[in-house]
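Here is the structure we will look at.
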Amino acid sequence: MSADPAALAFLRREPLSNLPMLKMLATYREHARVEFNAAAGHEAALLLLPVAASAFDRATYPKADFVVMLAADDPADAISLLARLPERAGLVFKVASRFVDVVQQVRRVRRMTAYVSYTWPESRPTAPDARVNVSRTTDLLGRKMRAAMPKTLEDVLPYFDSGDARLFTIAENGAPVAGCLTFPNFEIVHEIGVLYTVPGFRHRGYARALVATAAHDLVGRGLRVRFQADEENAASRAVAEAAGFVHFLTLEHWTSDRSA
């Protein structure tokens with residue numbers, strides 16, 4: 001990452017809270033820009049990423065120009081950084097709720113959605129479920145299951161080539177009916193994602209068994225866990241909480257158009 005070393009050191013102090021920014025910096029190092037202030041013991045960072053650099057943001061926010069993320073000891077410390085934003089640019093603010101007030105001071109924004117992140121508590125024991133198969137390839141998915149899973153599956157496949165991803169499946173009568181993947185997010189933080197259960201096999205506890213086993217595998221390898229769900233996906237959030245995950249971050253998405 002090419003950001004100011006002081007800014008990176010600041011973000012790394014709370015790697016889970018600042019995980020989205022750290023991930024963006026690592027993934028889009030040639031495109032992301034970081035503004036950083038450090039004065040009187042207060043530090044603040046602003047990340048600015050062209051929407052064109054991110055396939056997800058291009059598809060989700062086609063009218064926007066930049067993604068903006070914030071981190072600060074105190075939200076008020078970010079106000080001077082927000083003043084540096086490009087004028088009349090279409091912006092997507094991806095921020096924790098504590099930054100919403102300061103964003104609203106500088107831009108007219110509207111809330112679009114939010115994503116809720118969970119992790120596995122370091123002090124909580126993990127336990128695998130005997131029904132779950134663990135694989136370093138996607139062979140166990142089969143064609144039907146592969147076609148039914150979320151499109152993000154394709155983005156994860158390169159991690160199987162590098163040996164950094166795992167597939168977790170549950171089968172009935174020899175055919176996979178539920179599955180999820182784990183893959184790198186940022187450094188030792190790995191994601192549990194692409195969670196899917198075939199219709200007709202839901203409400204049997206399979207999703208909970210999958211994510212609990214995935215957490216057991218990651219923790220056993222000395223990795224930290226992240227599981228993310230859309231705020232409106234009550235089923236996924238319930239799975240995480242029932243399995244023993246704890247909430248650590250809600251990232252809200254707010255947009256302002258070019259005339260704001």
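Residue 206 fulfils the conditions (1) modelled with pLDDT of 95 or more; (2) under 21 Å from the mean Cα position of the chain (by Cα) except for a single criterion, (2). Scan the range 97-138 for residues that are closer than 18 Å to residue 17 by Cβ and in contact with an Asp or Glu (Cβ under 7 Å, 6 or more places away or on another chain) and report the count. Residues that pass the stated criteria total 5. Of the listed requirements (1) surrounded by fewer than 20 Cβ atoms within 10 Å (Cβ to Cβ); (2) hydrophobic (A, V, I, L, M, F, W, C); (3) under 16 Å from the mean Cα position of the chain (by Cα), residue 38 misses just one: (3).
Looking at this structure, is residue 232 of a type in the set (Asp, Glu), within 26 Å of residue 93 (Cα to Cα) and out of contact with any Cys (no Cβ under 8 Å at 6 or more places or on another chain)? Judged against the criteria, residue 232 is a match.
Among the residues of the range 135-158, those that are under 12 Å from residue 183 (Cα atoms) and touching a Lys or Arg at 6+ places or on another chain (Cβ under 9 Å) comprise 136, 153.
Residues in the range 10-28 include none that are within 20 Å of the chain's Cα centre (by Cα), more than 23 Å from residue 228 (Cα to Cα) and without any contact (Cβ under 8 Å) to a residue 24 or more places away in the chain. For the range 156-166, filtered to residues that are of a type outside the set (Asp, Glu) and closer than 15 Å to residue 217 by Cβ, the residue that is surrounded by the fewest Cβ atoms within 10 Å (Cβ to Cβ) is 163.
Residue-by-condition table, conditions (1) in contact with a helix residue (DSSP H, G or I) (Cβ under 8 Å, 6 or more places away or on another chain); (2) in a helix (DSSP H, G or I); (3) among the aromatic types (Phe, Trp, Tyr):
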| residue | (1), (2), (3) |
| --- | --- |
| 167 | yes, no, no |
| 180 | yes, no, no |
| 191 | no, no, no |
| 200 | no, no, no |
| 204 | no, no, no |
| 207 | yes, yes, no |
| 215 | yes, yes, no |
| 219 | no, yes, no |
| 222 | no, no, no |
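Return the residues of the range 106-155 that are over 15 Å from residue 171 (Cα atoms), among the basic types (Lys, Arg) and either surrounded by fewer than 14 Cβ atoms within 10 Å (Cβ to Cβ) or touching a helix residue (DSSP H, G or I) at 6+ places or on another chain (Cβ under 7 Å) (or both); say none if nothing qualifies. Those that are over 15 Å from residue 171 (Cα atoms), among the basic types (Lys, Arg) and either surrounded by fewer than 14 Cβ atoms within 10 Å (Cβ to Cβ) or touching a helix residue (DSSP H, G or I) at 6+ places or on another chain (Cβ under 7 Å) (or both): 108, 110, 111, 124, 136, 151.
Please determine whether any residue of the range 182-196 is among the β-branched types (Val, Ile, Thr), assigned by TED's automatic domain parsing to the domain that holds residue 235 and in contact (Cβ under 8 Å) with a residue 40 or more places away in the chain. Scanning the range 182-196, I find at least one residue that is among the β-branched types (Val, Ile, Thr), assigned by TED's automatic domain parsing to the domain that holds residue 235 and in contact (Cβ under 8 Å) with a residue 40 or more places away in the chain, so the answer is yes.
Quick one: is residue 215 over 27 Å from residue 55 (Cβ atoms), under 18 Å from the mean Cα position of the chain (by Cα), outside the structural domain of residue 55 (by TED's automatic domain parsing) and among the hydrophobic types (A, V, I, L, M, F, W, C)? Yes. Exactly one residue out of 84, 98, 88 is surrounded by fewer than 19 Cβ atoms within 10 Å (Cβ to Cβ) and over 16 Å from residue 258 (Cα atoms): that is 98.
The values are calculated or read from the model by the stated rules, or taken from the named source; none is laboratory data. These numbers come from a predicted model, not from an experiment. Note: ideal-geometry Cβ built from the backbone for every residue, glycine included; neighbour counts use all protein chains shown.
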